[in-house]
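A short worksheet on the structure shown next.
The values are calculated or read from the model by the stated rules, or taken from the named source; none is laboratory data. Since the model is a prediction, treat every value here as computed from it, not as a measurement. For neighbour counting, all protein chains shown are included, and Cβ atoms are generated from backbone atoms with ideal geometry for every residue, glycine included. When the accessible area is computed, the model is the full protein with side chains, heavy atoms only, and any ligands, DNA or RNA have been set aside. Shrake-Rupley method; radii C 1.70, N 1.55, O 1.52, S 1.80 Å.
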Amino acid sequence: MKIYLNKDEMPTHYYNITADLMNKPLPPLHPQTRQPIGPDDLKVLFPMELIKQEVSAEPYIEIPEPVREAYAIYRPSPLIRAERLEKALGTKAKIFYKYEGGSPSGSHKTNTALAQAYYNKQEGIKKIVTETGAGQWGTALSFACAQFGIECEVFMVRGSYDQKPYRKLIMETFGANVHASPSELTEVGKSQLAKDPANIGSLGIAISEAVEVAAQDEKAHYALGSVLNHVLLHQTVIGLEAQKQFEKVDAYPDIVIAPLGGGSNFAGIAFPFVGEMLRGGRKVRAIAVEPASCPKLTRGKFGYDFGDSAGYTPLLPMYSLGHEFMPPGLHAGGLRYHGASALCSQLLKDGLIEAVALQQLECFSAGLLFSKTEGILPAPEANHAIAQVIREAKAADAAGEERTILFNLCGHGHFDLAAYDDFLQGKLEDHVLDEEQLKISAAGVLDQF
Ligand SMILES: *Cc1c(COP(=O)(O)O)cnc(C)c1O
């Protein structure tokens, strides 16, 4: 069963959960002065409209008409009932998923890329510099920049650059200029390579490189594909559409599940439902799923930490493993980030959402079962959500309860075939993170002031 929306039923506004929170997240702090940052501190990197969204407490923010028109290339995305997966599991649970892999980048990232490119264009910006981990964000921003006539420069984590040459090539077809990170083009990159010429890179390092380049060019800005409030805001189109789609079939999810790297696709699908609950509406369990090898929500520390590894970005109030944490070369590249968005962190701290960490072998098995039954090969990141969906369906059956479960199939895995190949050949293994090591890296997270 596929539940479609007409174009004229697409959301006209983003939903800002900050408006409905009793405890708003703490303010970001200046990396040097450690005082709350103001709009002026962010002006070198972001357009004013996005800075306003970052601090807004308005519940609804209008989606500009040109952005809605660009969304219409691939939105609304379908809400699909995974009937064949349900049958294979023999579960009584009703499992629905929102499929974001139909976008030009193959993931949800296009939802914020288009909005960010638009606001930058409005402010006369000529070039956007960014980082990409697994490659989805770089692809999304390359496409969005092409739509709005802006140059795009991407620092791509070396590990992915080598593993996924096709990701780099698709960015180039959209017109982007792509470098492997760490690179010789920035001070941060050079210092990392001096320490270790074989450095496979990390999102933290790539962010530092992109920020360094953007800050030196007046006509250039930086863009982030996750973590920040405005990014989460743009992704709420996913959950808002899902709410309308559920209305059409008179259903409602008891549980909403998504993988969490920085928090944007999780927030995108879950926040509209959590907001409904906060305003006295129906209860929902929202579960963020992270990899056991990068477990910031379940084993990290809540405090202030940098968004990048070099300490250029503001200090953000979040669950973090420490900004120098180097996750193992995990295949779900999009989940290798050391921290989690301030909003997701605050909601978890306040018990409004849940978090679990899963090992990768269970996730890949779940992804293959999904692919065989539903006919879509999921991104390895999305496999984390699917594995948890299966756990929840089984738990509901065991308890004799009928549950409706919604998850975010945030991307397809067509560029991740090397990862599936490794899995099928038995080359992947589960990682156990040493508690002592975690303690050492988490010492980089500062206590709340
Ligand atoms: C980027 C990405 C993620 C992780 O980022 P979030 O901001 O947590 O959503 C997960 N899945 C896919 C497919 C991605 O591209």
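Below, the figures for the structure above:
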read-out: Over the chain, relative contact order from alpha-carbon pairs under 8 Å, at least 6 apart, %; value: 19 percent
read-out: Cα centroid of segment 119-135 to Cα centroid of segment 379-449, whole Å; value: 29 Å
read-out: Sorted peptide list for 398-407, 175-184, 229-238, criterion being average Cβ within 10 angstrom, highest first; value: 229-238, 175-184, 398-407
read-out: Charge tally in the Cβ shell below 14 Å around Gly413, where Lys, Arg are +1 and Asp, Glu are -1, Gly413 excluded; value: -3
read-out: Relative contact order (percent, whole number), segment 39-175, Cα cutoff 8 Å, 6+ residue spacing; value: 19 percent
read-out: Surface share of carbon and sulfur [accessible, 1.4 angstrom probe, percent] for the chain; value: 51 percent
read-out: Under 29 Å from Lys126, Cα to Cα: lysines that are on another chain or at least 8 residues apart; value: Lys43, Lys52, Lys109, Lys164, Lys168, Lys190, Lys219
read-out: Cysteines without a disulfide-compatible neighbour (Cβ-Cβ under 4.7 Å), the chain; value: Cys294, Cys344, Cys363, Cys410
read-out: Within the chain, percent of DSSP bridges classed antiparallel, to nearest 5; value: 40 percent
read-out: Convex hull (Cα only) mean projected area of segment 344-449, reported in nm² to one decimal; value: 9.7 nm²
read-out: Relative contact order %, segment 326-449, counting alpha carbon pairs below 8 Å whose residues are six or more apart; value: 23 percent
read-out: Cβ crowding within 10 Å averaged over residues, with 64-73, 262-271 ranked highest first; value: 262-271, 64-73
read-out: Whole-Å semi-axes of the chain's equivalent ellipsoid (Cα gyration tensor); value: 30, 25, 22
read-out: Most to least packed among 357-368, 33-44 [average Cβ atoms within 10 Å]; value: 357-368, 33-44
